[in-house]
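The values are calculated or read from the model by the stated rules, or taken from the named source; none is laboratory data. This one's a predicted model, so the numbers in the text were calculated from it and none came from an experiment. So basically every Cβ, Gly included, is an ideal-geometry build from the backbone, and we count neighbours across all protein chains shown.
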Amino acid sequence: MVIVEKKQGKAWIFEGVLDVDWEICPFETLRELRAKGTPITNEELGKYCMTKVDPDFPKKVQNGDFIIAGENMGYGHDHDHASRSIIGAGVGVVICESTNANFLRNSIDHGLAVVECPGILDSVNEGDKLEVDLSAGIIKNLTTEEELSFAPYPEFLLEMVEAGGIYPHLAQQIKAGIVKV
């Protein structure tokens, strides 16, 4: 059984369409970084996270904070740079009304938890302090004391997120002798 710490942080609210290649992390920025020969790390991408909607977001967000979003979070192509930029900005969990399957898969593959919680936008204000328990499926708004539930993460996904993504998780399993190569 994996023990996952409850995650706490501040809520940052983004409504409307959040496309992976535009609002979350502009694909044009990725092209420019590549053209300059800049290493494409999560931290580098984090400098551009959500800047099309809030130019100062990367400077304001604190490690472990939450992005709160509306429907179809991560709309668009299956590019993974958007998920990586969110991780690089220090966001602990994305909580949204609903998400795009490609964005969800990419996020978990990189170790970023994404939680679908219908009604989240009606229950959280910008700046509210939240606590998320992925294994219990509970979001507590510590500011208003309201509690919401979502489908808890199964153990194998908790392990993957806690390891930092699919590749670090696989490396742990190989080292532990669970997976033979």
Subset of segment 16-46 (residues that are in contact with a helix residue (DSSP H, G or I) (Cβ under 9 Å, 6 or more places away or on another chain), surrounded by fewer than 17 Cβ atoms within 10 Å (Cβ to Cβ), at pLDDT 95 or above and part of a loop (DSSP other than H, G, I, E, B)): Thr38, Pro39, Ile40, Thr41
Among what's in segment 106-163 and is among the charged types (D, E, K, R), surrounded by fewer than 15 Cβ atoms within 10 Å (Cβ to Cβ) and assigned to a helix (DSSP H, G or I), pick the residue that is modelled with the highest pLDDT. Asp122
Taking only pairs six or more apart or across chains, which ones have beta-carbon atoms under 7 Å, a first residue in segment 166-179 that is touching a residue at least 24 places away in the same chain (Cβ under 8 Å), and a second residue that is hydrophobic (A, V, I, L, M, F, W, C)? Ile166/Met160
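Report the residue count in segment 86-103 for those that are farther than 15 Å from Gln62 by Cα and over 9 Å from the mean Cα position of the chain (by Cα).
So the first thing to find is which residues in segment 86-103 are farther than 15 Å from Gln62 by Cα, and the list is 95-103.
This time we only want the ones that are over 9 Å from the mean Cα position of the chain (by Cα), so: 96-103.
The total comes to 8.
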Is it the case, given these coordinates, that Val53 is in a loop (DSSP other than H, G, I, E, B), in contact with a helix residue (DSSP H, G or I) (Cβ under 7 Å, 6 or more places away or on another chain) and at pLDDT below 95? no
Which condition number in (1) under 18 Å from the mean Cα position of the chain (by Cα); (2) part of a helix (DSSP H, G or I) is the one that Gln172 fails? (1)
